Amino acid sequence: MTNKPDSEDNEILGLHHVTAIAGNPQTNIDFYTGILGLRLVKLTVNFDDPNTYHLYYGDKVGHPGSVLTFFPWPNAPRGVRGTGQVTVTSFSIPDGSMDYWKVRLRENRVRAEEVATRFDGKEEYLTFYDNDDLKLELVTSDKSKSLAERFVPWERSPVTQERAIRGFHSVVLSEEGYEKTASLLKDTMRFRLVEEEGERFRYESSSGGPTTFVDLICQPALLRGIVLAGTVHHVAFRTSDDNQQKTWREDIIKAGLNPTPVIDRQYFHSVYFREPGGVLFEIATDPPGFTLDEPEDKLGTTLKLPPWLEPSRKRIEKALPKVELFGAAKKPLVQNQAIA
């Protein structure tokens, strides 16, 4: 797997979004808007299963690199974290924010571990879990100023603006082996190896830094993962436009993998393929974005359907469970004003 991309100026710009499986949609909304302070930027359905919501959370407008999405299946059994999966999704928080988040998670009874460090103490992180046991991290970033320029928190967030999440930091790929996935990242997708610690290998793309990191962890003793509630379904990587995406699709084919055709997801265009270790990857375009069918001040306030599902709106709305969308606009569960 040594093919180089056809266009030398074509880069993976970093993480675009992460999509996971949840259980109860209301519990999911309350956690990500009411506790983490993200904005529900789009309320739609799974285009492949329209009786299921697709919930998109992000910064004020859902910039690529800030968006965590969920398919909530109310009766889904709990999944198993394991190899062939994204096992950790990490968010960036500004320097000096860790104490704020420790208190916020504790007082909202969120299961969390002790703050720890890695890479010889250069990186401080806090591991915690949502209501479905999805494994998440908050990571302090020494690039918080540049991230603040890219990711703007929602002004109605219950989290104070100066402590708010600033997009993704990284994802962890748990793999039985190492070489084939590493070769895909380096030789085809043009990531660079920038850190090593034990069985963890950190790669970065484009200009590097938070939102471009992918940590590959070799864990041969770990069981194979099962993608159900509380696990990640796929990870998407950014490309700038449709032409660049077509080039990436050709490169993926040359690498011996089997990508889908380009699929219209309304807010971006997608190509999916499985990397050698089994994780489902997506190459997603930055445009057109979430303001395609809603103005910025109305994002996430009504159920949006693509044109081909509009004729079935009444049936779809009847099948979907009712949810309260404005949890983050209410009084936050915990203000944390004493350390804000």
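A few remarks follow.
- Taking residues in segment 193-208 that are on the phi > 0 side of the Ramachandran plot, and partners anywhere that are of a type in the set (Gly, Ala, Ser) and surrounded by 14 or more Cβ atoms within 10 Å (Cβ to Cβ), the pairs with Cβ atoms closer than 8 Å and at least 6 places apart or on different chains are Ser206/Gly14.
- Among the criteria (1) without any contact (Cβ under 8 Å) to a residue 24 or more places away in the chain; (2) under 30 Å from Ile29 (Cβ atoms); (3) not in a helix (DSSP H, G or I), the one Thr117 does not fulfil is (2).
- Val152 being in contact with a strand residue (DSSP E or B) (Cβ under 6 Å, 6 or more places away or on another chain) and surrounded by 15 or more Cβ atoms within 10 Å (Cβ to Cβ): no
- Counted residues, segment 155-199 - those being charged (D, E, K, R), in contact with a strand residue (DSSP E or B) (Cβ under 7 Å, 6 or more places away or on another chain), surrounded by fewer than 15 Cβ atoms within 10 Å (Cβ to Cβ) and over 23 Å from Glu11 (Cβ atoms): 3
- Exactly one residue out of Pro261, Pro321, Pro311, Pro287 is in a loop (DSSP other than H, G, I, E, B), more than 23 Å from the chain's Cα centre (by Cα) and surrounded by fewer than 16 Cβ atoms within 10 Å (Cβ to Cβ): that is Pro321.
- Number of positions in segment 93-129 that are touching a helix residue (DSSP H, G or I) at 6+ places or on another chain (Cβ under 7 Å), within 16 Å of Ser141 (Cβ to Cβ) and small (Gly, Ala, Ser): 1
- Of everything in segment 217-235 that is in contact with a Ser or Thr (Cβ under 6 Å, 6 or more places away or on another chain) and not in a loop (DSSP other than H, G, I, E, B), the residue that is nearest to Glu282 (Cα to Cα) is His234.
- Among the residues of segment 63-77, those that are closer than 17 Å to Val45 by Cα and either aromatic (Phe, Trp, Tyr) or within 8 Å of the chain's Cα centre (by Cα) (or both) comprise Val67, Leu68, Thr69, Phe70, Phe71, Trp73.
- Number of positions in segment 158-185 that are in contact with a Pro (Cβ under 9 Å, 6 or more places away or on another chain), of a type in the set (A, V, I, L, M) and under 19 Å from Gly209 (Cβ atoms): 2
- When residues of segment 202-215 are limited to those that are surrounded by 21 or more Cβ atoms within 10 Å (Cβ to Cβ) and in contact with a helix residue (DSSP H, G or I) (Cβ under 9 Å, 6 or more places away or on another chain), the one nearest to Val279 (Cα to Cα): Val214
- Taking (1) part of a helix (DSSP H, G or I); (2) exposed (fewer than 14 other Cβ atoms within 10 Å of the Cβ); (3) modelled with pLDDT under 95 in turn, Ser146 satisfies each apart from (2).
- Looking across segment 36-51, the residues that are touching a residue at least 40 places away in the same chain (Cβ under 8 Å) and more than 18 Å from the chain's Cα centre (by Cα) come down to Phe47, Pro50, Asn51.
- Count of segment 89-114 residues which are on the phi < 0 side of the Ramachandran plot and without any contact (Cβ under 8 Å) to a residue 40 or more places away in the chain: 6
- Selection from segment 169-200 of residues that are part of a helix (DSSP H, G or I) and basic (Lys, Arg): Lys180, Lys186
The values are calculated or read from the model by the stated rules, or taken from the named source; none is laboratory data. No experiment lies behind these values; they were computed from the predicted model shown. Glycine gets a Cβ as well: all are built from the backbone with ideal geometry, and neighbour counts include every protein chain shown.
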